[in-house]
Amino acid sequence: MSVLERRLEILRIMIVKRKSNVSKLAEKLGVSERTIQRDIQALISVAPLVCVSGNGGGIHMLDGYHPYNNIFTKEEVDVIKSVMKHSNEYEKQVLSEMLKEYASRYYQIENT
């Protein structure tokens, strides 16, 4: 894994988990803690990461940062809403969660 690939993987992990620490990331990625520390230092300048020391500390992704919030287009949202009309309750719930996560610009929570 290249440096770039590893740093992108760290960002992906942090976007999903929101919080981690150097030792967990090092173990997951199979590198030393020092390597992860260097990666985090580099990423802090381009990503909303914060290092917190002490109890409950670690590496945190800033609240409110969700880079995938609006990747669906208006047309894609309309198609998903149409499919929801013909879905069972579980499928509606999953599709609704997808819309909230990836199309908040176009999707308002509705009683469907």
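A few remarks follow.
- Residue within the stretch 19-31 that is within 19 Å of residue 66 (Cβ to Cβ) and within 19 Å of the chain's Cα centre (by Cα) present: yes
- Residue within the stretch 47-62 that is at pLDDT 90 or above, under 16 Å from the mean Cα position of the chain (by Cα) and assigned to a loop (DSSP other than H, G, I, E, B) present: yes
- Total residues in the stretch 1-32 satisfying the condition of being modelled with pLDDT of 90 or more, of a type in the set (D, E, K, R) and surrounded by 13 or more Cβ atoms within 10 Å (Cβ to Cβ): the figure is 6.
- Any chance residue 56 is small (Gly, Ala, Ser) and farther than 16 Å from residue 9 by Cα: yes
- Residues being without any contact (Cβ under 8 Å) to a residue 24 or more places away in the chain and surrounded by 13 or more Cβ atoms within 10 Å (Cβ to Cβ) - total across the stretch 36-45: 3
- Flag for residue 68 being over 22 Å from residue 1 (Cβ atoms), free of Cβ contacts under 8 Å to residues at least 60 places away in the same chain and not in a helix (DSSP H, G or I): yes
The values are calculated or read from the model by the stated rules, or taken from the named source; none is laboratory data. Values in this document were obtained by computation on a predicted structure and should not be read as measured data. Note that each Cβ is placed from the backbone with ideal geometry, even for glycine, and that neighbours are counted across all protein chains shown.
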